[in-house]
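Written below as structure tokens is the structure these notes are about.
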Amino acid sequence: MQQASDANPTHKGIAGEYGRLLLEFNHITQAEKLLELADDPTNPDWKVVSARGTVFAKQSQYSKAVPLFERALQLAPDQPSVMSNLALAYAMEGKVEKAEPLLRRAAALGGDARVNQNLALVLGLQGKYDEAKQTMAADIPPDRAAANIDYLKQMVKAEPKPIPKSAAPDKVAAKLKPAAAETSKDATGWSTNVAAARPAN
């Protein structure tokens, strides 16, 4: 991809693919430049737009991430990964009441373990621990789900509240015991949508 990008520096399609790949491996600065180049208002690609949102979200710039995730959701209204990203950005801005319905919808549409993890996080941080544990237990053994909820309780001191900065998905993901399989090498709560662009093996 790097060779193709070097040979075709203005090709939006190549820039989009390479930018999302770089984002998957957390090369944020390079990814941001390529994804900005790839974002074509006349022929928008929801994967590129959502990835641009993820770039800002990973830098805790949620006010910039939200409009991009909202735009991506308009382009792809049934994509669980976009709903999950938008919901997390809402939650990080303290708008948990907008985050939970989006995550429930994403889970109902067949979202992966990452979506369930994010839903459980939002539920747990509102003090809905029993439901959060049930949600986690869909993807990991009950004992691990219980341990994760215990961690969430400690983090919020058993008081329902919007997601604090200390509970950013990147930080929480490092503490929680995830499901055995993930759809992306990015081990945070944010989806890079790279897997969605790859054909099945």
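The values are calculated or read from the model by the stated rules, or taken from the named source; none is laboratory data. What you see is a predicted model; the values in this text were computed from it and never measured. Quick reminder, even Gly has a Cβ in these numbers, built from the backbone with ideal geometry, and neighbours come from all protein chains shown. Each accessible area value is taken on the protein alone, full model and side chains, heavy atoms only, with ligands, DNA and RNA left out. Shrake-Rupley method; radii C 1.70, N 1.55, O 1.52, S 1.80 Å.
What the table below lists for this structure:
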read-out	value
Heavy-atom accessible surface of the stretch 1-138: percent carbon and sulfur, 1.4 Å	48
For the stretch 5-47: rounded, prolate or oblate by the Cα gyration tensor [a/c cutoff 1.5]	oblate
Residues Ser60 and Lys98, FRET efficiency given R0 of 22 Å [Cβ-Cβ distance, rounded to 0.05]	0.75
Inter-probe distance in nm under a simple model that places probes 7 Å from Cα toward Cβ, at Ala4 and Asp78	2.8
Signed unit charges on C-beta, dipole axis of the stretch 1-146, positive-most listed residue Tyr90, Ala107, Thr10	Tyr90
³J(HN,Hα) computed for each position of the stretch 90-102 - Karplus, 6.51 cos²θ - 1.76 cosθ + 1.60, integer Hz, glycine/proline x	4, 4, 5, 8, x, 9, 5, 5, 8, 6, 4, x, 5
Given charges at beta-carbon only (K, R positive; D, E negative), |dipole| of the stretch 17-162 in Debye	320
FRET E, pair His27, Gln154, Förster distance 41 Å, beta-carbon r, rounded to 0.05	0.80
Probe 1.4 Å, protein heavy atoms only - accessible area per residue of the stretch 1-84 in square angstrom	49
Lys pairs, the stretch 62-163 - Cα-Cα below 27 angstrom, 8 or more residues apart or on other chains	20
